[in-house]
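The structure appears right after this line, and notes come after that.
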Amino acid sequence: MLLLPLSAQDKEQSDLLFWKHLTLGGEVGTMGIGMEVATPLHPNICLRVGIVALPFALRETYDLSIDAVSEKGNSYAYMVGRDERIVRDLQEERLPLKDSDFPRTVSAVEKLRRIEGKVLVDFYPRKDGCFYMTLGAYVGGMNQRRVHADVEPYVQAVAIANGYLPEDDQMQLWLSTTTWDNYIYRVEVGKNQETGYNLRILPVKPYIGIGFGRMLPKRKLGCYFDMGILYRDRWRLNHDGECIERWKAPYNWSAIYGVASLRLTGQLF
């Protein structure tokens with residue numbers, strides 16, 4: 001398939017003018033799966049516009065440290081023991097009376113929400129050649145990775161206790177994990193039974209690359225292959241609107257993302 005666009009073209013390259021010819025293609029690569037349309041701007045220059053998506057879900061288990069404290073700094077066990085009604089309700093729901101009895105792990109689901117638009121310009125040094133250089137950008141949302149963790153037992157227990165505690169000394173639930181640089185955050189009790197965070201990158205990501213192939217395939221059907229680098233910045237962790245700059249993860253060592261893709265393209269006109 002890669003040899004198809006390397007052969008001579010049926011059409012003169014001097015005829016390649018803006019919107020005079022149009023191709024539609026599908027792609028698969030490190031950015032996901034997608035579609036694009038392309039049109040010449042000049043015999044040596046081609047414009048490509050498209051969209052790529054990477055739907056993905058991964059279930060992970062993280063080691064957590066749970067700390068439920070009151071507004072005045074009292075521990076979970078102390079606050080539970082203040083009122084026998086709290087003890088009664090927790091026992092009825094089979095919930096721990098001490099924070100050390102909570103499960104020490106929590107299951108989390110991580111989902112990639114990468115949907116990117118792209119605008120790329122290909123430059124062919126030779127009008128009749130197949131080698132090209134590409135400049136452009138990918139554009140998408142900042143929050144592209146979302147993690148949800150089920151913390152129902154913790155939230156439920158603290159919510160029961162807070163129902164009997166004075167408003168000026170109710171408990172807050174804090175979760176921390178040593179998996180990623182001892183990241184600590186507060187769970188909003190009573191709003192939901194899940195907590196989560198987003199991993200955030202730049203919304204506009206510059207791209208530079210090289211490739212092989214021609215915009216107009218010889219027999220109405222051909223393919224491109226290109227590769228390059230995308231500057232996306234390092235992932236930044238965002239929780240409840242707060243950006244955690246101190247957050248670190250093993251896969252967050254580079255702000256550069258490698259891009260490689262193979263495209264099957266067909267000539268519309």
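Could you please rank 20, 205, placing first whichever residue has the fewest other Cβ atoms within 10 Å of its Cβ?
The fewest-first ordering by Cβ neighbours comes to 20, 205.
How large is ³J(HN,Hα) for each residue in the stretch 256-262, as worked out from phi by the Karplus curve 6.51 cos²θ - 1.76 cosθ + 1.60 (θ = phi - 60°), to whole Hz, x for Gly and Pro?
Result, ordered by residue: 9, 10, x, 10, 9, 8, 10 Hz.
Please list, in order along the stretch 123-128, the HN-Hα scalar couplings obtained from phi with the Karplus expression 6.51 cos²θ - 1.76 cosθ + 1.60 (θ = phi - 60°), rounded to whole Hz, x for Gly and Pro.
Result, rounded to whole Hz: 10, 9, x, 10, 4, 9.
Which value in nm describes the separation of the simple spin-label points at residue 111 and residue 75, placed 7 Å from the Cα toward the beta carbon?
3.9
Could you work out how far apart the two model spin labels at residue 264 and residue 87 are, taking each label as a point 7 Å from the Cα in the direction of the beta carbon, and quote it in nm?
7.0
If the viscosity is 0.692 mPa s and the temperature 37 °C, what Stokes-Einstein diffusion coefficient in µm²/s follows for the stretch 126-172 when Rh is the Kirkwood radius over Cα pairs?
Calculated translational D: 197 µm²/s.
Computed FRET efficiency, Cβ-Cβ of residue 104 and residue 220, R0 41 Å: what is it to the nearest 0.05?
Using R0 = 41 Å, I get an efficiency of 0.10.
5 Å is the cut-off here: which amide hydrogens, built 1.01 Å from N in the peptide plane, fall below it relative to residue 142, excluding neighbours closer than 5 in sequence?
Amide H neighbours of residue 142, under 5 Å, 5+ apart: none.
Do the alpha carbons of any pairs in 20/127; 118/205; 111/205 sit beyond 18 Å of each other, and which pairs?
Too far apart for the 18 Å limit: 111/205.
Any read-out appearing in this document is the output of simple, stated calculations on the displayed coordinates, not a laboratory observation. Just so we're clear, the structure is a prediction, and the values are computed from it rather than from any experiment. As a convention, Cβ positions derive from the backbone with ideal geometry for all residues, glycine included, and neighbour counts pool all protein chains shown.
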